[in-house]
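*Asks:* Structure below; questions to follow.
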Amino acid sequence: MTPEQCRAARILAGISQADLAGIAVVPATLITDYETGVGMPEPRDLEEIQSALEWVGVEFTNGDGPGVRLGRPR
């Protein structure tokens with residue numbers, strides 16, 4: 001998951017950075033830093049963030065390039 005996919009997925013799902021951080025159980029600053037390109041989460045944290053986004057219904061795509069779409073929440 002790229003930082004751009006993370007931000008797009010979060011916005012598509014209609015949740016804030018704080019909401020995503022709460023669902024993924026990571027610090028909100030980690031989400032902010034990742035989306036703005038300031039930092040790179042540890043692999044485990046990145047997996048938690050992606051899993052949280054998938055839990056709220058986001059599907060990650062990689063057809064012609066990385067993308068996201070909204071499916072059904074788990």
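Every number in this text was worked out from the coordinates using simple rules, so none of it is lab data. For clarity, every value in this text was computed on a predicted model and none was experimentally measured. Heads up, the Cβs are rebuilt from the backbone with ideal geometry, glycines too, and the neighbour counts pull from every protein chain shown.
*Asks:* Expressed in nm to one decimal, what extension gain is obtained for the pair residue 16 and residue 55 from 0.36 nm per residue of sequence separation less their Cα-Cα distance? Can you show the working numbers first?
*Replies:* On the way: separation 39, 0.36 × 39 = 14.04 nm, distance 1.48 nm.
Gain on extension, residue 16 to residue 55, equals 12.6 nm.
*Asks:* Now for a separate question. Which label belongs to the value computed from this structure, given these candidates for Cα extents along the principal axes in Å: (1) 30, 22, 20; (2) 28, 25, 20; (3) 40, 20, 20?
*Replies:* Derived directly from the coordinates: (2).
*Asks:* Can you work out the FRET efficiency for the pair residue 32 and residue 62, with r the C-beta to C-beta distance and R0 = 35 Å, to the nearest 0.05?
*Replies:* After rounding, the FRET efficiency stands at 0.90.
*Asks:* Right, here's the next one. For the chain, what does the relative contact order come out to in percent, with C-alpha contacts under 8 Å and a separation of six or more?
*Replies:* 35
*Asks:* Assigning unit charges at the beta carbon (Lys, Arg +1; Asp, Glu -1) and nothing else, what dipole magnitude in debye, to the nearest 20, does the chain show about its Cα centre?
*Replies:* So the magnitude is around 260 debye.
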